[in-house]
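J.: Before anything else, here's the structure in question.
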Amino acid sequence: MSFTTPAPITTPAPISTGPAPASAHQVDLRPGKPPVLHVPTPAPADPPAWAADHRHTLRGLVTEHGAVLVRGLGLSDTGQVGAVFGQLAPTLMTETEAFAPRQAYTRGVYSSTVWPANQPMCMHHELSYTHSPPGLLLLACLTAPTTGGATALADSAAVLDALPPELVQRFEEEGWLLTRTYSEDIGASWAEAFGTDDPAVVEEYCRANAIEYAWQDDGGLRTRQRRPAVVRHPATGRRCWFNQIAFLNEWTLEPEVREYLVEVYGPEALPFNTRFGGGDPIGEDIVELINTAYAEHTIREPWQSGDLMLIDNVRTAHSREPFEPPREVLVAMAGSEGSIR
């Protein structure tokens, strides 16, 4: 087995800038919570039109705070949400390299990632392991859970400042390495992740996106990709901790889940794992340190049905907390060409 090696690492696409937020809207700024923009009651009769009229305000709040939660918009169905997303980011990204399945509703509009409700999705930046990650995330809650399930946030520059300088320096010098073993059993299969069942198309994608790949005797696929762990925000120039080092590492898994996966797949063929960019393992102590830094800088506001959230994917990490079903949150992503103008 050998890996085919492509080009070097790159940084994420920028988020476009725009005018400052309008002062006429009521915005709650409370410690421990994201900014909440309250839509005047009654809810707008045409949410997509409202979104079009207020996209500069929303863009300004995202620029200023890294995220904004819009409350009172009254979003109620997938078609309406897709129309709102389309007004806020006219060009939505098609997700590629998903680590777990999603349901696609319309082009660029997805369900939240399929993940056990009783397990948290730890802090991460969406698709930060891809060659061109999104700059903007859009989320809409159609059904809020009774308990839990918040999309919590953390400022990536503050997290970076909280980490030991020597650890940051190593990751800046080496980057981080994501290894994946695609299978039909856990997570997205390679056909689901790459949107094709043609191996030649997958190989072409890997070569174009700096991914080393190796086909297995059973038809499975293993990949490795090195990415930067720290990037400069495209608008502010501030250094940001931008990766999924802890989230996709074996030591973030529940102990019994990790033990099962190691027993079934072996330590070198886990469905996903992360290493230092030079290939050295990342220890449990380092993963715990990173997750602790995230926890110390986490803010949260429980979802309410009808809410909308915009997140600067470079400046702000996000997580999904455990919950009691049901919970329905729709997601869209946009690059620089799709950010709010």
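J.: Just the accessible area per residue of the chain, please: how many Å² with a 1.4 Å probe? Before the final figure, lay out the partial values.
T.: Values: 14580 Å² over 341 residues.
Using a 1.4 Å probe on heavy atoms only, each residue of the chain averages 43 Å².
J.: When the label point is put 7 Å from the Cα of Gln26 along its Cα-to-beta-carbon vector, which residues of the range 66-89 have a backbone N closer than 19 Å?
T.: Flagged as within label range: 68-75.
J.: Two decimals is fine: what is log10 I(q)/I(0) at q = 0.14, 0.16, 0.21, 0.24 Å⁻¹ for the range 89-165, from a Debye sum with one equal scatterer on every Cα and no solvent?
T.: One equal scatterer on each Cα of the range 89-165 leads to -0.60, -0.78, -1.26, -1.47.
J.: Leaving out ligands, DNA and RNA, and with a 1.4 Å probe, what % of the accessible surface on the range 108-261 is carbon or sulfur? Write down the numbers at each step before the final one.
T.: Values: 2840 of 6080 Å².
Here it works out to 47 percent.
J.: May I ask for the net charge around Glu250, where only other residues with Cβ less than 12 Å from the Cβ of Glu250 are counted and Lys, Arg are +1 while Asp, Glu are -1?
T.: Details: positive: Arg258, Arg275; negative: Glu254, Glu259, Glu268, Glu284.
My count for the surroundings of Glu250 gives -2.
J.: Working only with C-alpha atoms, what are the Rg and Dmax values of the range 50-182, expressed in angstrom?
T.: Over the range 50-182's Cα set, Rg and Dmax evaluate to 17.0, 48 Å.
J.: Now for a different question. Tell me, what is the FRET efficiency for Gln304 and Thr94 to the nearest 0.05, using R0 = 41 angstrom and their Cβ-Cβ distance as r? Could the numbers behind the result be given before it?
T.: Values: r = 29 Å, r/R0 = 0.71.
Between Gln304 and Thr94 the formula returns 0.90.
J.: Can you give me the distance in nm between label points at Ala117 and Ala45, each placed 7 Å from the Cα along the Cα-to-Cβ direction?
T.: Placing both labels 7 Å beyond Cα along the Cβ direction yields 3.7 nm.
J.: Something else about it: Add +1 for every Lys or Arg and -1 for every Asp or Glu among the other residues with Cβ under 10 Å from the Cβ of Thr146, and state the total.
T.: Working: positive: Arg327; negative: Glu324.
Taking every Cβ under 10 Å from that of Thr146, the sum is 0.
J.: Sticking with this structure for a sec: What net charge is computed for the residues neighbouring Ala229, neighbours being all others with C-beta under 12 Å from the C-beta of Ala229, Lys and Arg scored +1, Asp and Glu -1?
T.: Values: positive: Arg170, Arg226, Arg227, Arg239, Arg275; negative: Glu172, Glu173, Glu174.
Charge balance in the 12 Å sphere: +2.
The values are calculated or read from the model by the stated rules, or taken from the named source; none is laboratory data. Computed from a prediction, not measured in an experiment: that's the story for all the values here. Reconstructed Cβ throughout: ideal geometry from the backbone, glycine too, with neighbour counts over all protein chains shown. The area values use the complete protein model at the heavy-atom level, side chains included, leaving out ligands, DNA and RNA. Shrake-Rupley method; radii C 1.70, N 1.55, O 1.52, S 1.80 Å.
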